[in-house]
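Below you'll find the structure, written out as structure tokens, and then a few comments.
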Amino acid sequence: MKRRIGLLTSGGDCPGLNAAIRGVARAAYEMFDAEIVGIADGYSGLINGEYREMKQSEFSGILTLGGTILGTSRQPYRNMRVIGEDNVDKVAAMKANYKKMKLDCLVTLGGNGTHKTANLLSEEGLNVIGLPKTIDNDIYGTDVTFGFHTAADIATEVIDRIHTTANSHGRVMVVEIMGNKAGWLTLYAGVAGGADVVLLPEIPYELENVVKAVEQRAKGGKSFSIIAVAEGAMTKAEAAMKKKERAALRAENPYKTVSHTLAEQIQKATGLETRAVVPGHIQRGGSPSSYDRVLSTRFGVHAAQLIRDECYGVSVAMAGDTVVHNPLKEVAGITKFVPVDHQLIQTGRHIGIKFGD
């Protein structure tokens with residue numbers, strides 16, 4: 001049995017991509033006669049025919065390597081069926097290059113947008129398997145995505161380090177954590193890092209409640225406060241707006257980011273020195289944690305098993321401690337939000353964390 005497998009990584013990079021690539025390739029070589037084709041820069045490479053046959057040796061020494069050896073790019077799903085100024089029919093081009101590469105299947109490593117395009121290609125008749133990658137942990141159908149735990153470790157370390165400088169100067173520190181739609185990363189890092197206030201996209205906040213929490217700590221003799229805020233967090237007033245109205249409002253904001261806006265508002269309301277910290281892409285970088293190395297490897301091996309069994313049109317997932325798979329059509333495009341009654345939120349409330357609501 002011979003299988004010619006195409007691999008691509010799409011969307012934002014994260015720790016664990018290379019470990020997953022390695023898992024797919026090494027398991028495939030062990031299970032059957034495999035040929036691996038590496039597609040450059042995500043769906044852009046599939047559209048433009050940028051690919052190369054890979055050697056077995058290229059999958060050694062990459063388990064601990066951050067980023068992706070294949071390169072990645074963002075190709076918005078909403079534009080996939082739109083023919084732009086270049087006059088390229090992107091869907092037709094991807095199908096043509098899939099055939100040109102003589103692929104038996106395509107493995108796509110990515111987040112929600114990647115999964116939507118993977119499902120599109122599956123519906124167009126291609127053999128596709130998705131691997132759930134994102135530091136946001138917001139892919140529906142899987143308990144966890146690879147990249148999330150490493151990013152949570154990094155974000156937690158940021159908050160840990162902010163504690164010492166905040167305490168030394170008696171400041172309020174607003175730490176902005178990645179997560180535009182879902183607050184999983186902010187929630188885990190906030191609880192693990194001992195934040196006093198945690199603001200999530202799923203729980204719109206009132207500024208006065210955040211101010212009250214900071215003032216109560218100050219009155220109680222606490223010289224500093226740590227606020228972990230997701231980049232997509234919003235006030236209750238913003239949450240009541242339409243998406244375009246909210247985007248227009250934020251575009252007018254000279255600070256652009258929620259953390260800088262919030263820091264200014266808190267300092268103005270309390271008189272307490274307040275600073276914003278935006279670790280940004282640091283959360284995506286570096287070597288994957290041991291957890292993500294294992295998770296990525298398990299996901300990659302399961303993908304190889306699916307290829308062996310010719311089970312396509314699915315996305316690999318974790319359910320409890322078991323690796324499973326779901327039909328792409330049932331998970332693609334569905335965001336896994338943090339439930340407002342999630343046990344970790346309740347845990348946070350029980351130890352005194354305020355969520356601004």
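Taken over the Cα atoms of the chain, the convex hull encloses 135 Å³ per residue. For segment 19-36, 3J(HN,Hα) computed residue by residue from phi via the Karplus equation (6.51, -1.76, 1.60; θ = phi - 60°) reads 5, 5, 4, 4, x, 4, 5, 5, 5, 5, 4, 6, 8, 7, 6, 10, 10, 10 Hz, glycine and proline entered as x.
Averaged per residue, what accessible area in Å² does the chain show with a 1.4 Å probe, protein chains only? Walk me through the numbers on the way to the answer.
On the way: 15720 Å² over 357 residues.
I get 44 Å² per residue for this part.
The alpha-carbon of LYS244 sits under 20 angstrom from the alpha-carbons of these aspartates and glutamates, leaving out residues fewer than 8 places away in its chain: GLU202, GLU231, GLU252.
For the charge dipole of segment 44-102, defined by +1 on Lys and Arg C-beta atoms and -1 on Asp and Glu C-beta atoms about the Cα centroid, which residue among ILE83, SER57, THR68 has the Cα displaced farthest towards the positive pole? Result: ILE83, furthest along the dipole toward the positive end. Counting only lysines at least 8 places from LYS100 when in the same chain, those with an alpha carbon closer than 24 Å to its own are LYS2, LYS55, LYS90, LYS116. Per-residue ellipticity at 222 nm, computed for the chain from helices alone with -39500 (n - 2.57) per DSSP H run of at least four residues, works out to -12500 deg cm²/dmol. For the chain, the share of accessible area belonging to carbon and sulfur comes to 48 percent (1.4 Å probe, ligands and nucleic acids excluded). Express as a percent, rounded to the nearest 5, the fraction of DSSP beta bridges in segment 1-81 (both residues included) that run antiparallel. Looking only at bridges with both residues in segment 1-81, the antiparallel portion is about 35 percent.
Determine, for each peptide in 328-335, 100-107, the mean count of other beta carbons within 10 angstrom over its residues, then list the peptides with the highest first. Don't skip to the end; give the middle numbers.
Values: 328-335: 17.4, 100-107: 19.4.
Highest to lowest by the protection proxy: 100-107, 328-335.
Please tell me which of these pairs span more than 22 angstrom C-alpha to C-alpha: LYS268/LYS354; LYS181/LYS243; LYS242/LYS329? Table pairs above 22 Å Cα-Cα are LYS242/LYS329.
Each Lys and Arg contributes +1 and each Asp and Glu -1, all at the Cβ; summed about the Cα centre of the chain, the dipole is approximately 240 debye. When peptides 147-158, 286-297 are ranked by their average number of other Cβ atoms within 10 Å per residue, the highest-first order is 147-158, 286-297.
The values are calculated or read from the model by the stated rules, or taken from the named source; none is laboratory data. All values reported here derive from a predicted model rather than from experimental measurement. All Cβ positions, even for glycine, are placed from backbone atoms using ideal geometry, and neighbour counts span all protein chains on display. Please note that ligands, DNA and RNA were not included when accessible areas were found on the heavy atoms of the full protein model with its side chains. Shrake-Rupley method; radii C 1.70, N 1.55, O 1.52, S 1.80 Å.
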